[in-house]
1. Out of (1) under 16 Å from residue 140 (Cα atoms); (2) touching a residue at least 40 places away in the same chain (Cβ under 8 Å), what's the single condition that is false for residue 34?
2. Pick out the one residue from 58, 48 that is over 13 Å from the mean Cα position of the chain (by Cα), surrounded by 15 or more Cβ atoms within 10 Å (Cβ to Cβ) and under 22 Å from residue 109 (Cβ atoms).
3. Give the residue, chosen from 43, 29, that is out of contact with any strand residue (DSSP E or B) (no Cβ under 7 Å at 6 or more places or on another chain) and over 17 Å from residue 131 (Cα atoms).
4. All but one of (1) under 25 Å from residue 39 (Cα atoms); (2) surrounded by 14 or more Cβ atoms within 10 Å (Cβ to Cβ); (3) within 17 Å of the chain's Cα centre (by Cα) hold for residue 128, so report the exception by its number.
5. Does any residue of the range 104-116 turn out to be loosely packed, with under 15 Cβ neighbours inside 10 Å and closer than 20 Å to residue 6 by Cβ?
6. Give me the residue from the range 73-89 that is more than 22 Å from residue 61 (Cα to Cα) and touching a helix residue (DSSP H, G or I) at 6+ places or on another chain (Cβ under 8 Å) and, out of that set, surrounded by the most Cβ atoms within 10 Å (Cβ to Cβ).
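FYI, it's all coordinate maths here, none of it is from the lab. Note that this is a predicted model, so its numbers are computed, not measured. Neighbour counts run over all protein chains shown; Cβ positions are idealised from the backbone, glycine included.
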């Protein structure tokens, strides 16, 4: 196995609203799929959670082999945030260029720790563009979101 391929996605129905995250890890002939969700969250948090969960999985299960990781995300927020913006945020005591607190700091600090440990190569892929594993992640996210949505007229009593 030359490298590990990872695809991630996250999303919400409403923002904030019920959300889901998903990842697919391809290691040679082995394919691992995992997903989860939250009742009330944001799209950006779910995109971050997807990559955090994927990297936590890899750190815990297969990192002793030091095989390169290629991580695909359709979120420019995640890719730009971890490869570029985070360095300035940290230097500015977790403040944006507008001097406002960075949103989702706890996610970013968790992701930074995993990024430092695993050093994945970050690749952006366009969402909803027919890229098979990205589309599968999106479908898994939609399945997670649907777990939190009640059919109309089925509200709590």
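1. Among (1) under 16 Å from residue 140 (Cα atoms); (2) touching a residue at least 40 places away in the same chain (Cβ under 8 Å), the lone unmet condition for residue 34 is (2).
2. Residue meeting the stated conditions: 58.
3. It is 29.
4. Of everything listed in (1) under 25 Å from residue 39 (Cα atoms); (2) surrounded by 14 or more Cβ atoms within 10 Å (Cβ to Cβ); (3) within 17 Å of the chain's Cα centre (by Cα), residue 128 misses just condition (2).
5. Within the range 104-116 (the criterion being loosely packed, with under 15 Cβ neighbours inside 10 Å and closer than 20 Å to residue 6 by Cβ), the answer is yes, since at least one residue qualifies.
6. 78
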